[in-house]
Amino acid sequence: MKRILILLVIGITIASCNQRNTNEYLINGNAEGVHNGIRIRLAQIDEKGQQIIKDSAVVMDGKFTIKGNVEEPGIYFLSADGSPGNVVFMLENSDITIDFNKDIPMESKVTGSESNKSYEDFQNGMMAFKEEGEAIMSKFRELGQEPAPKQRDSIGKVMEALRERQRAYPLQFVQENSNSFFSLNLIQLESSRAGFDILKYKEAYESFPEDLKESKRGQVVKQKLDELYKEYEKTAYLEIGKIAPDFESQTPDGETVSLNNLKGKVTIIDFWAAWCGPCRRENPNVVKVYEQYHDKGLEIIGVSLDGAPNQKDPKKAWLAAIEKDGLKWNHVSSLMYFNDPVARQYNITSIPATYILDEEGKIVAKNLRGFALERKIRQLLGNP
């Protein structure tokens, strides 16, 4: 009997020694090929976008260990002195193993973090887009230096469709993974990008479980979404489906014209400037669209944001750009740079920028370029 009690005590003691605080994380790192003494650093990004070192460890005999705790799962970065880049992963309170790739840290293997699986699923999805794009470009290169216009246009359309699916993927992922801490992080990351759809992301956030929404990260995301929604309300009149607000401005000849007087069956409001490199590079495509569809009812109204502080003669530069680029449509400007009244009315903060209107003057698309622009105009004019 005494022997049984002793064995029980020993068993309990061993079990107690093996138990670890579940409110802690333990990172066991395998760093094959990394020299002794190299320091490994664990970092995170604060609310200001600055990388903050949380902890570090020294590699000995190809191993390292970092122990600590986090309030909730979040995106962290692991780096080693002398290695390019970081291991990006979701850190949570669990036993985590990281097989560190010293040559390509991003390809390191992370196991043991349940929330990291969601991050890996997202990354795999993004990688699939990359591989698809590389396959398309490989086919394009096979056509030689000067492929036939029809072939070039066909591949261009496929590539643009791929980009559209890739841009939509983060929102789709959030909608399909509403029980993931990574999805909260993804919303926060995407909220700083141009074209962030506040209405759809806000709706997606509302479908999250209460424990995620009440978490620290959940509250930060909610605050950001609320701020963006307030900003959205200020310019809601510019959303797709709304009638484009009328405006008046001056032509190069000094005549005052209005949007309503210039509109066609389909209208592009094109915000650009002579000093804007991306605008000038896009102009040949806009010219092509205009020449192809003007006779079918397309009108373009170019609103120039010339008048930049470094322009000695903004009107001269504006007119020279119109002539050189062959822009044969309607043009207006107050030559007041981003203080142009029309630019302010349409909330223009960067160019090139476009609004596409249907025959009723309703906004049907924004900021389309290349094949996406041509395809939308073709659809609107009855040629799917």
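The values are calculated or read from the model by the stated rules, or taken from the named source; none is laboratory data. Predicted model only: the values in this text are computed from it and were never measured. Cβ coordinates were reconstructed from backbone atoms using ideal geometry, including for glycine residues, and neighbour counts include every protein chain displayed. Just so you know, the surface numbers come from the protein's heavy atoms only, side chains and all, with ligands and any DNA or RNA stripped out. Shrake-Rupley method; radii C 1.70, N 1.55, O 1.52, S 1.80 Å.
Here are the numbers:
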quantity: Apportionment of accessible area to carbon and sulfur, the chain, percent (1.4 Å); calculated: 49 percent
quantity: Those residues of the range 291-311 whose amide nitrogen sits under 13 Å from the label point placed on residue 320, 7 Å along Cα→Cβ; calculated: 311
quantity: For the range 159-294, size of Cβ-based charge dipole, Lys and Arg +1, Asp and Glu -1, in debye; calculated: 380 debye
quantity: Residues residue 194 and residue 242, FRET efficiency given R0 of 25 Å [Cβ-Cβ distance, rounded to 0.05]; calculated: 0.80
quantity: Dipole-positive endmost among 218, 254, 192 within the range 184-254 (Cβ charges, Cα centre); calculated: 218
quantity: Kirkwood Rh in Å, taken over all unlike Cα pairs in the range 324-384; calculated: 13.5 Å
quantity: Contour minus Cα-Cα distance for residue 161 and residue 345 (0.36 nm per residue); calculated: 63.2 nm
quantity: Span per principal axis, largest first, for the Cα atoms of the chain (Å); calculated: 106, 49, 45
quantity: Surrounding net charge for residue 132, when Lys and Arg each add one and Asp and Glu each subtract one, Cβ distance under 15 Å; calculated: +2
quantity: Extreme residue, positive dipole direction of the chain, given options 26, 162, 273 (C-beta unit charges); calculated: 26
quantity: Antiparallel bridge percentage (DSSP; both residues within the chain; nearest 5); calculated: 70 percent
quantity: Heavy-atom surface of the range 228-384, accessible at 1.4 Å and reported per residue (Å²); calculated: 50 Å²
quantity: Radius, Kirkwood style, for the range 136-180 when every pair of distinct Cα atoms is counted (Å); calculated: 12.4 Å
quantity: Spacing of the two label points (7 Å from each Cα toward its C-beta) at residue 32 and residue 72, in nm; calculated: 3.8 nm
quantity: Centre separation in Å (Cα based) which lies between the range 208-231 and the range 25-86; calculated: 28 Å
quantity: Ellipticity estimate at 222 nm from DSSP helix runs (n ≥ 4, -39,500 (n - 2.57)) divided over the chain, nearest 500; calculated: -14000 deg cm²/dmol
quantity: Peptides 125-136, 318-329 ordered by average Cβ neighbours within 10 Å, highest first; calculated: 318-329, 125-136
quantity: Full-extension gain in nm, residue 153 to residue 223, via 0.36 nm per residue minus C-alpha separation; calculated: 20.8 nm
quantity: Nonlocal amide H pairs with residue 25, under 5 Å, H built at 1.01 Å; calculated: 68, 69, 70, 94
quantity: Full-extension gain in nm, residue 261 to residue 360, via 0.36 nm per residue minus C-alpha separation; calculated: 34.3 nm
quantity: The chain: relative contact order in percent, alpha carbon pairs under 8 Å with at least 6 residues between; calculated: 11 percent
